[in-house]
Amino acid sequence: MKVIISGYGKMGHMVENALLSRGHELVLASEDISSVDPSVAKECVCIDFTTPEAFRSNYKFIAENFKAAVIGTTGWDDILGDVVSAFFSTGTPMIYSSNFSIGVNAVFAALEKVGSVLSDHGYVPHIEETHHIHKKDAPSGTAKTMATIVEGSLGVRPDITSLRIGEVPGTHVVKFKSEVDKIKISHEAFSREGFAEGAVVAAEMTEGLKGVHTFKELILK
C-alpha cells in the first residue's frame, strides 16, 4: 500500500513509523497536501492528521485526487454533510474517526450497551476528558463521539468537562450516576502510538471499500 501523510507533526511521524512497521510505502509526508501531484496522489491513500482549518481547506482536493482517505483530524463536524457529499461525488472511499485507537472503539461499543441497559433507570451521565496543552479543540472529538453514543442509548446528553494538562496523550472517563450507585468507564492512552496504528489499519481497510464510513462502524462489524 502506498500512502501520503497530510500533516507531519507528532502524529504524522507516528503514522510513518506504523506504516513502515506494517510493511507499507510512505511516498511522502506533506504540510501542504494540495501541492501534491495528482498523478502521484491517485495511487495513494491519504492519511490526514492536520488541523480543522487545514482539513476544511483540503478535503475537496483529497476527495478529488486520492485513491482513498483516512481522516483523523477532528473539529469539522459542522461540515460533515459537505465532506461526505464531496467523497461520494468523486467515488473516493473515506474512513474517519474522532479516535482510531482500537481500545477507544471498544469503549464506544461498551457505552452503547451500558447506556441501553441503564435507560429509564434515573442515571445521569458525565464525561471528563484530559489532553495535552497543545490540543486545539475542546471538548475533544472523542468526547463528543462518546456524548453522542450515550445520548443515543441512554436518552440523556452528558455534560463534558475538558482539561488540558502537560503532555497527557488522552484520557476519557464516562460516569453514570444514580441515587444508589455510580458506574465509570474509562480509557487512558499511554502514548499516541495506538492512534497511529489504528489509522494505518483503517488505511488497509480502504482496499476495495466503497463509500464513507466511521472506523467504529467497520471495526465492530
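The values are calculated or read from the model by the stated rules, or taken from the named source; none is laboratory data. Treat the numbers as computed from the prediction; the structure is a model and nothing was measured. Please note: Cβ atoms are built from the backbone with ideal geometry, for glycine as well, and neighbour counts cover all protein chains shown. With ligands, DNA and RNA removed, areas are computed over all heavy atoms of the protein, side chains included. Shrake-Rupley method; radii C 1.70, N 1.55, O 1.52, S 1.80 Å.
Only a single item in (1) at pLDDT below 95; (2) of a type outside the set (Asp, Glu); (3) over 21 Å from the mean Cα position of the chain (by Cα) is not met by SER178, and it is number (1).
Among strands (runs of 3 or more DSSP E) lying entirely in the stretch 17-106, which contain 2 or more residues that are in contact (Cβ under 8 Å) with a residue 40 or more places away in the chain and of a type in the set (Val, Ile, Thr)?
45-48
Checked against the criteria, VAL156 does not count as farther than 24 Å from ALA63 by Cβ, in contact (Cβ under 8 Å) with a residue 24 or more places away in the chain, more than 13 Å from the chain's Cα centre (by Cα) and open to solvent by less than 30 Å² (accessible area, probe 1.4 Å).
Scanning the stretch 37-58 for residues that are in contact with a Ser or Thr (Cβ under 9 Å, 6 or more places away or on another chain) and open to solvent by 10 Å² or more (accessible area, probe 1.4 Å) turns up PHE49, THR50, THR51, PRO52, ALA54, SER57, ASN58. Comparison of THR214, THR206, THR145 shows that the only residue that is crowded, with 21+ Cβ neighbours inside 10 Å, under 12 Å from the mean Cα position of the chain (by Cα), touching a residue at least 40 places away in the same chain (Cβ under 8 Å) and closer than 20 Å to THR73 by Cβ is THR145. Look at (1) at pLDDT below 95; (2) open to solvent by 20 Å² or more (accessible area, probe 1.4 Å) and you find that GLU128 fails only one, number (1).
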